[in-house]
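Read through the structure below, which is laid out as structure tokens, and then see the notes.
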Amino acid sequence: MARRQRRYPSDTSDAQWALIEPLLPEAGSGGRPEKHPRRDVVDAILYVVRAGCAWRALPADFPPWQTVYWYFNRWEQQKVTEAILPIVRRQLRADEGRDPEPSAGIIDSQSVKGADTVGQDTRGYDAGKKINGRKRFIVTDTLGLLLTTMVCSASVQDRDGAKSILLDLYLRTRVRFVYADAGFAGRLLEWANTILRTSVEVVRKPPEQRGFAVLPRRWVVERTLAWLTAHRRLARDYERHPASSEAMIRWAAINTITRRIARGKPATRQQKYVFTPAT
């Protein structure tokens, strides 16, 4: 199988691919051998996630878009991203000198506009944000690494949608303490404590606060939402099914985490270029 030349910023580095490749499912025995290198397929998926293009608009040097889309769906049916995410997250936490398994999390939600590909049965109107589309819930650890995600109609209230994602968090991790904002206050706290044995602490704004201010704990999950929406496919919701939206979020998180592991040091911002006209 001929390898394509790496040319896009979204392409995996050799170190990043060394992390991802062993975690992909083995090729099925029998039948025709795989025609396209798996690295090219993963790079194509990450290109769609990072650049935000349609599947049909993939550049010609990638495998055919039908092949890439088939792998995307096939791997989600096999729950591949759900398996990869906790493995790379544990490795990054260990590299940062933390316990591989977190004990506390931060929950937040984000409403995003839905494209015309989002059906009426899975979209709604968020009256508070004045957004017609979907709402994504995420829970991160205290480093801002994704623990779990859930996508639903934007009309779902935070305290109602949180039940599903907190249950998923309970089943997947040992996290039993979660920070949240005031939108999750109310009966949810008692429900989580009684049913899930999970304490939810609401981080409220100081009464005297006016305008924007960074709040303890909450800024971590808000930064993660900013990391995710830097992947332009997540700037709005284009997916027909909420499960595909959740897969896109996990691919974005896997991309961010594996890049951090491969880099081995904190990211640095590009120096601001100041143009000086010739005299």
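The values are calculated or read from the model by the stated rules, or taken from the named source; none is laboratory data. As the structure is a prediction and not an experimental result, all values here were calculated from the model. A quick note on method: Cβ atoms are made from the backbone with ideal geometry, for glycine too, and the neighbour counts reach across all protein chains shown.
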Checklist outcome for this item: Ala243 vs (1) of a type in the set (Gly, Ala, Ser); (2) at pLDDT below 95; (3) surrounded by fewer than 16 Cβ atoms within 10 Å (Cβ to Cβ): all pass except (2)
Item to check | Top-ranked residue of the range 72-110 - restricted to ones that are closer than 21 Å to Arg174 by Cβ and basic (Lys, Arg), ranked as nearest to the chain's Cα centre (by Cα) | outcome: Arg89
Next on the checklist: Pull out all pairs, ordered by first then second residue, where Cβ-Cβ is under 9 Å, the residues are six or more apart or on different chains, the first lies in the range 154-182 and is free of Cβ contacts under 8 Å to residues at least 40 places away in the same chain, and the second is buried (at least 16 other Cβ atoms within 10 Å of the Cβ) and among the hydroxyl-bearing types (Ser, Thr, Tyr).
Outcome noted: Val156/Ser109; Asp168/Thr148; Asp168/Thr149; Tyr170/Thr198
Checklist entry - Being outside any strand (DSSP E or B) and in contact with a helix residue (DSSP H, G or I) (Cβ under 8 Å, 6 or more places away or on another chain), is that true of even one residue in the range 104-118? => result no
Item to check | Filter result (acidic (Asp, Glu) and either under 14 Å from the mean Cα position of the chain (by Cα) or not assigned by TED's automatic domain parsing to the domain that holds Phe184 (or both)) within the range 141-165 | outcome: Asp141
Next on the checklist: Looking at the structure I just gave you, is Asp61 over 30 Å from Arg217 (Cα atoms) and in the same structural domain as Glu222 (by TED's automatic domain parsing)?
Outcome noted: no
Checklist entry - Which pairs do you get when a residue that is at pLDDT 85 or above, found in the range 1-18, comes within reach of a residue that is assigned to a helix (DSSP H, G or I) and among the acidic types (Asp, Glu), reach meaning Cβ atoms under 8 angstrom, with the pair 6+ apart or on two chains? => result Tyr8/Asp43; Ser10/Asp43; Asp11/Asp43; Thr12/Asp43
Checklist entry - Out of the residues in the range 7-34 that are touching a helix residue (DSSP H, G or I) at 6+ places or on another chain (Cβ under 8 Å) and part of a loop (DSSP other than H, G, I, E, B), which is surrounded by the fewest Cβ atoms within 10 Å (Cβ to Cβ)? => result Pro9
Next on the checklist: Can you say whether Ile45 is at pLDDT 95 or above, touching a Ser or Thr at 6+ places or on another chain (Cβ under 7 Å) and within 20 Å of His231 (Cα to Cα), as far as the supplied structure shows?
Outcome noted: no
